[in-house]
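Have a look at the structure below before the remarks.
The values are calculated or read from the model by the stated rules, or taken from the named source; none is laboratory data. Because the structure is predicted, anything quoted here is derived from the model rather than measured. Here Cβ is always computed from backbone atoms with ideal geometry, including for glycine, and neighbour counts include all displayed protein chains.
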Amino acid sequence: MTDTEAEGWFAAADRDDEAELVAAVRDGDASEPRDWPRLAIEAGFVDDEAEYYDALHEVTTAATSAVVTERERADDRQLVHAVRAMDDCRRTANELAERLAEWAGTIDEDAETGVEYARDLAGRTPDPGEERVVSLAASVAALADEAEDLEAFVERETPSIAPNLAALAGPTLAARLISLSGSLEKLAKQPSGTIQVLGAEDALFAHLRGQAPSPKHGIIYTHDAVCGTRPEDRGSAARALAGKLAIAARIDHYSGDYRPELEAELADRIETIQARASDDRGEDGA
């Protein structure tokens, strides 16, 4: 076999070994284009051009499937699924708890609201006619328990997947940022301005339509650095936080090294921003 033939994805591959062919398609390359169907025929890999393209279609489809499977099994994708499932469980539990309170009010004059009441109701032995209500309460409690278990998973796993993000934002907020972006890689490629408004897409689109002011922050509002800052300075705090989160995401994705100095730098910046309130109060008092 010549060097030109050896560059083909079909070269030195067993036609019946799909894994080997997939690896050749994914990892192989060629210095320049060739008449690959003809070379494959000459190499005895296929009998004609139609068979070549059938084989190429099968192998490229298998290669694409392998890539998708690998990415879905990646740790950050597991984190994305976990945080989304956690939110779904919590939202559904709260919605059903409201429905339960309405229903339970027809059989219990002391009926309350919320998940905790559902837990209490689920633990009691139903009287005749109350079976379905108590069963619904048990389902609400189970969903709430699952949400708590998923949150514990997120809190445990995020620091190993994104150590700098978890340190700066906290594990749950870090996981939400990854989830909103779709993956750690996508988050790492986002500019800080985009990270600042993640979760505020509706407000951003309204602003672009001229129907609302530009949002200062998205879900990073829940961070103490932002919500703990007076309203007029929250934009500055959100920009400072988003800038450090952008750096943290890139470090986590490209190297994975933990950089504690990021936390110190953010703390210093937020302290400076929040100190403005004290300075302004001092001036007003003077």
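Scanning segment 84-96 for residues that are surrounded by fewer than 18 Cβ atoms within 10 Å (Cβ to Cβ) and charged (D, E, K, R) gives Arg84, Asp87, Asp88, Arg91, Glu95.
Filtered by the rule that a residue be outside any helix (DSSP H, G or I) and loosely packed, with under 12 Cβ neighbours inside 10 Å, segment 120-135 gives Gly123, Arg124, Thr125, Asp127, Pro128, Gly129. Tell me, which residue of segment 175-201 that is part of a helix (DSSP H, G or I), among the polar types (S, T, N, Q) and over 8 Å from the mean Cα position of the chain (by Cα) is farthest from Tyr254 (Cα to Cα)? Checking each candidate, the answer is Gln196.
Considering only residues in segment 180-218 that are among the β-branched types (Val, Ile, Thr) and buried (at least 19 other Cβ atoms within 10 Å of the Cβ), the one that is modelled with the highest pLDDT turns out to be Ile195. Whenever a residue of segment 241-254 is outside the structural domain of Glu185 (by TED's automatic domain parsing), it has no partner that is in a helix (DSSP H, G or I) and acidic (Asp, Glu) lying with C-beta atoms less than 9 angstrom away and at least six residues away or across chains.
I need the full set of residues from segment 97-119 which are in a loop (DSSP other than H, G, I, E, B) and either surrounded by 12 or more Cβ atoms within 10 Å (Cβ to Cβ) or of a type in the set (Asp, Glu) (or both), in order please. Let's see the steps before the verdict.
Here is the first cut: in segment 97-119, the residues in a loop (DSSP other than H, G, I, E, B) are 105-114.
Those that are in a loop (DSSP other than H, G, I, E, B) and either surrounded by 12 or more Cβ atoms within 10 Å (Cβ to Cβ) or of a type in the set (Asp, Glu) (or both): Gly105, Ile107, Asp108, Glu109, Asp110, Ala111, Glu112, Thr113, Gly114.
What is the number of the single condition among (1) assigned to a loop (DSSP other than H, G, I, E, B); (2) assigned by TED's automatic domain parsing to the domain that holds Leu187; (3) among the β-branched types (Val, Ile, Thr) that Thr172 does not meet? The failed condition is (1).
Which of the residues that make up segment 273-286 are exposed (fewer than 13 other Cβ atoms within 10 Å of the Cβ) and either of a type in the set (A, V, I, L, M) or at pLDDT 95 or above (or both)?
Start the filter on segment 273-286 by keeping residues that are exposed (fewer than 13 other Cβ atoms within 10 Å of the Cβ), which leaves 275, 278-279, 281-286.
Answer for segment 273-286, where residues must be exposed (fewer than 13 other Cβ atoms within 10 Å of the Cβ) and either of a type in the set (A, V, I, L, M) or at pLDDT 95 or above (or both): Ala275, Ala286.
Mind listing whichever residues of segment 113-171 are farther than 20 Å from Leu79 by Cβ and in contact with a Ser or Thr (Cβ under 7 Å, 6 or more places away or on another chain)? Passing the criteria: only Leu143.
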